[in-house]
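*Asks:* Attaching a single structure in structure tokens format; questions to follow.
The values are calculated or read from the model by the stated rules, or taken from the named source; none is laboratory data. Here the structure is a predicted model, which is why all the values come from computation and not from measurement. Quick reminder, even Gly has a Cβ in these numbers, built from the backbone with ideal geometry, and neighbours come from all protein chains shown. All accessible areas refer to the heavy atoms of the entire protein, side chains included, with ligands and DNA or RNA removed. Shrake-Rupley method; radii C 1.70, N 1.55, O 1.52, S 1.80 Å.
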Amino acid sequence: MTSPRTRRRSKLAPDPDVHRAIVSAAAETLREQGVRGVSVAAVLDRAELSTRAFYRHFASKDHVVAAAFLEMARAEKRRLQRKMARADGPVGAVALWIDGRLDLAFDETIRSDLRRLSTEAQSQMFAAPELVQPAFEEMLKPLIEQLTRGVSEGVFHDIDPASEAQAIQGVVWASTERHWAAGDCDRSDVRRRAIRFCLRGLGVKAATIDNIAKL
């Protein structure tokens, strides 16, 4: 016979479906209202769950915000990986990662959904980095993998893949913000400049950069 203590522990165990529902509700709230609009009450109202259900899965609002950012970063990582899979080598894959991240500024089908989320995440890097650092690390994983591969194949020289990935993200983000502010940037020109700048920093041969930048 199961003891009362065992039954109680089983009953209160986290439920993966409830966990997903809470994270999904938090992500939707983030998209609509930003981090300031996320509260335990708002998330539970959207998810139609109880306070008890929330605290079975998350210790605080900050924990669910971090989980929502991480879940959205994983979706973005998968999108970038699908795009990068078309490349025939690490140099092309890095260029496609840059191109994929520029979708945030120029692709009408995704930019409205990701713009606020990305802006919120970027702002939290200064205000509360613990909320978004795991999400940024997740999004950079496919880029770091290709940078590491490029080092092993001898096409990238004297680089630290993790540091270079953050620098490339910084270049892309600066280009994105510039377009948001001006609204009149040409994607082809922005892409060409970003790719040339980043690949030169990785030690890629000029002829190879020229070929990729023209695509």
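*Asks:* Among the residues of segment 158-215, write down those that are at pLDDT below 90 and farther than 20 Å from residue 107 by Cβ.
*Replies:* Answer for segment 158-215, where residues must be at pLDDT below 90 and farther than 20 Å from residue 107 by Cβ: just 214.
*Asks:* What single numbered condition from (1) buried (at least 21 other Cβ atoms within 10 Å of the Cβ); (2) within 30 Å of residue 60 (Cα to Cα); (3) among the small types (Gly, Ala, Ser) fails to hold for residue 95?
*Replies:* The one condition residue 95 does not meet is (2).
*Asks:* Filter segment 88-122 down to residues that are among the charged types (D, E, K, R) and farther than 29 Å from residue 203 by Cβ and give me whichever is modelled with the highest pLDDT.
*Replies:* If we take residues in segment 88-122 being among the charged types (D, E, K, R) and farther than 29 Å from residue 203 by Cβ, then 107 is modelled with the highest pLDDT.
*Asks:* Would you call residue 119 open to solvent by 50 Å² or more (accessible area, probe 1.4 Å), part of a helix (DSSP H, G or I) and of a type in the set (S, T, N, Q)?
*Replies:* yes
*Asks:* So which residues in segment 122-142 are crowded, with 18+ Cβ neighbours inside 10 Å and either of a type outside the set (A, V, I, L, M) or in contact with a Leu (Cβ under 8 Å, 6 or more places away or on another chain) (or both)?
*Replies:* Within segment 122-142, 124, 135, 136, 138, 139, 142 meet the criteria.
*Asks:* Test residue 193 against the stated conditions and say whether it is open to solvent by 60 Å² or more (accessible area, probe 1.4 Å) and either assigned to a helix (DSSP H, G or I) or without any contact (Cβ under 8 Å) to a residue 40 or more places away in the chain (or both).
*Replies:* yes
*Asks:* Select from segment 16-41 the residues that are of a type outside the set (A, V, I, L, M) and in a loop (DSSP other than H, G, I, E, B) and list them in ascending order.
*Replies:* Narrowing segment 16-41 to residues of a type outside the set (A, V, I, L, M): 16-17, 19-20, 24, 28-29, 31-34, 36-37, 39.
Hits for segment 16-41 are 34, 39.
*Asks:* Let me ask something additional. Considering only residues of segment 176-190 that are more than 21 Å from residue 136 (Cβ to Cβ) and charged (D, E, K, R), which is surrounded by the fewest Cβ atoms within 10 Å (Cβ to Cβ)?
*Replies:* 184
*Asks:* Here's something else I'd like to know. So, in segment 160-175, of the ones that are of a type in the set (A, V, I, L, M) and over 18 Å from residue 187 (Cβ atoms), which residue ends up surrounded by the most Cβ atoms within 10 Å (Cβ to Cβ)? Can you show your working first?
*Replies:* To start, the set of residues in segment 160-175 that are of a type in the set (A, V, I, L, M) comprises 162, 165, 167-168, 171-172, 174.
Cutting the leftovers down to over 18 Å from residue 187 (Cβ atoms) gives us 162, 165, 167.
Working: 162: 14, 165: 25, 167: 16.
Across segment 160-175, the extreme among qualifying residues is 165.
*Asks:* Looking only at residues in segment 123-154 that are hydrophobic (A, V, I, L, M, F, W, C) and modelled with pLDDT of 95 or more, which one is nearest to the chain's Cα centre (by Cα)?
*Replies:* Ranking the qualifying residues of segment 123-154, first place goes to 140.
*Asks:* Determine if segment 42-53 includes at least one residue that is at positive phi, open to solvent by 30 Å² or more (accessible area, probe 1.4 Å) and either outside any helix (DSSP H, G or I) or in contact with an Asp or Glu (Cβ under 8 Å, 6 or more places away or on another chain) (or both). Give the steps one after another, and end with the answer.
*Replies:* Let us first name the residues in segment 42-53 that are at positive phi, namely 48.
Filter again for open to solvent by 30 Å² or more (accessible area, probe 1.4 Å), leaving 48.
Going one step further and asking which of them are either outside any helix (DSSP H, G or I) or in contact with an Asp or Glu (Cβ under 8 Å, 6 or more places away or on another chain) (or both), we end up with 48.
Looking for residues that are at positive phi, open to solvent by 30 Å² or more (accessible area, probe 1.4 Å) and either outside any helix (DSSP H, G or I) or in contact with an Asp or Glu (Cβ under 8 Å, 6 or more places away or on another chain) (or both), one finds at least one in segment 42-53, hence yes.
*Asks:* Let me ask you something else. Checking the condition without any contact (Cβ under 8 Å) to a residue 12 or more places away in the chain, under 22 Å from residue 69 (Cα atoms) and of a type in the set (Gly, Ala, Ser), which residue from 170, 100, 183, 154 passes?
*Replies:* 170 is the lone residue from the list that is without any contact (Cβ under 8 Å) to a residue 12 or more places away in the chain, under 22 Å from residue 69 (Cα atoms) and of a type in the set (Gly, Ala, Ser).
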